[in-house]
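Step one of this worksheet: look at the structure below.
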Amino acid sequence: MDTRTLGRTDRTVSVIGLGTWQLGADWGDVSEADATAVLAASVDAGVTFFDTADVYGDGRSEQIIGRYLAGDGKDAGITVATKMGRRVDQLAENYVLANFRAWTERSRRNLGVDTLDLVQLHCPPSAVVESGEVYDALDTLVADGTIAAYGFSVETCDQALAAISRPATATVQIILNAFRLKPLDTVLPAARAAGVGIIARVPLASGLLTGKYTRATTFAENDHRNYNRDGSHFDVGETFSGVDYETGLTAAAEFAALVPAGLTPAQAALAWVAQQDGVSAVIPGARSIAQAQGNAAAGSVPPLSAEFLAGVRDIYDRLLRAQIHPRW
């Protein structure tokens, strides 16, 4: 497994991490035994970075991670990034020190730690990302020892650039995958120059890039790939990267045809993200041991060919560029 420095945290993490939204049972039901098995399989395969949030299963994801790290994962050297800010209305006036203290205290209890490794504001409004008072409050939490470092999970490139420009921002988390290329133009170069880590989320476009979905595929009622395709519950970019499902299936079939022998489409998609200059960690989700193992294997894939990279760009330019909203 390749490893990278996680931005300004100075922590070394596996380039393939584990996103744990699904362990909160927000992608259909997942038992705690199955969730713990995914954590253990990921660690066994070389993963040393977990990403979670205080709203994943209303804290369930954090709690499961906390119990695992207090038990079998105690000496695994895991860095845990959590997120805060989605427990209230998305108004700038809610992003204040008192709320930050309450939210981080809850996450510390859930994870069973005194100091949180990394806390990210969870896709806040642009006014929050641009507010000096917000950074002052986050700096206070670092000074207090409540958190070791902070970053931002963002929806847009403009938000990413605003966060990167601040001197104490350790990381920026953004959607980046073979169907979402815009961050390559400005965000990754800016992050490299500033020493800010990039955490790439939705790397498989909510599963489209696995090549396993068809027009007949159905998703559970409580799976966001069922209920959020129109963005009625949260930003539609979080579901299939904002790509129309039918178009996404066509693009996914073309992507699968590019995949080198010996790799699955998912592994090729993850390796493509991991091999972008400036990416610190990629955080695919997994709901089974096999998925966790397959994802982790992408962290040791040799450099992808120029032909493969050109093919990814061609699919994007022909099928997806015009469809994706300009703000992404």
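Here, each number is a calculation from the coordinates, and none is a lab measurement. As the structure is a prediction and not an experimental result, all values here were calculated from the model. Please note: Cβ atoms are built from the backbone with ideal geometry, for glycine as well, and neighbour counts cover all protein chains shown.
At 7 Å along the Cα-to-beta-carbon direction for both Thr218 and Asp89, put a label point, then send me their distance in nm to one decimal.
Label-label distance for Thr218 and Asp89, simple model: 3.8 nm.
To the nearest 10 degrees, how steep is helix 306-315 against the longest Cα principal axis of the chain, on a 0 to 90 scale?
90
Run through every distinct alpha carbon pair of the range 1-117 and return the Kirkwood hydrodynamic radius in angstroms, one decimal place.
On the way: mean 1/r = 0.0677 Å⁻¹.
Its Kirkwood hydrodynamic radius stands at 14.8 Å.
Tell me, what is the percent relative contact order of the range 187-303, built from C-alpha pairs under 8 Å that lie six or more residues apart?
Relative contact order comes out at 35 percent.
If you average the alpha carbon positions of the range 228-272 and of the range 85-151, how far apart do those two centres end up, in angstrom?
Each part reduced to its Cα centre gives a spacing of 31 Å.
When only alpha-carbon atoms are used, what values of Rg and Dmax, in angstrom, describe the range 245-328?
13.5, 37
How long is the gain from Glu105 to Asp314 if the chain were fully straight, where each residue apart is worth 0.36 nm and the alpha carbon distance is subtracted?
Numbers: separation 209, 0.36 × 209 = 75.24 nm, distance 4.68 nm.
Extra length from Glu105 to Asp314 when fully extended: 70.6 nm.
Against the longest alpha carbon principal axis of the chain, how many degrees, from 0 to 90 and to the nearest 10, is the axis of helix 265-274 turned?
Rounded to the nearest ten degrees, it is 50.
Can you tell me the orientation of helix 132-144 relative to the chain, as the angle in degrees between its alpha-carbon axis and the longest Cα principal axis, to the nearest 10?
The answer is roughly 70 degrees.
Normalised by the number of residues in the chain, what is the relative contact order in percent for Cα pairs under 8 Å and 6+ residues apart? If you can, show how the numbers build up before the last one.
Numbers: 636 pairs, mean separation 73.6, N = 328.
Answer for the chain is 22 percent.
Can you compute log10 of I(q)/I(0) for the chain with the Debye formula, treating each Cα as one identical point scatterer, at q = 0.06, 0.09, 0.10, 0.14 Å⁻¹?
With no solvent term, the Cα-only Debye profile gives -0.18, -0.42, -0.52, -1.09.
Averaging over every viewing direction, what projected area does the convex hull of the Cα atoms of the range 121-197 cover, in nm²? If you can, show how the numbers build up before the last one.
Details: hull surface 19.5 nm².
One quarter of the hull surface, i.e. the mean projection, equals 4.9 nm².
What nm distance separates the two modelled labels at Ser31 and Ala257, each placed 7 Å from Cα along Cα→Cβ?
Roughly 4.2 nm, to one decimal.
Which value in nm describes the separation of the simple spin-label points at Glu307 and Leu97, placed 7 Å from the Cα toward the beta carbon?
6.0
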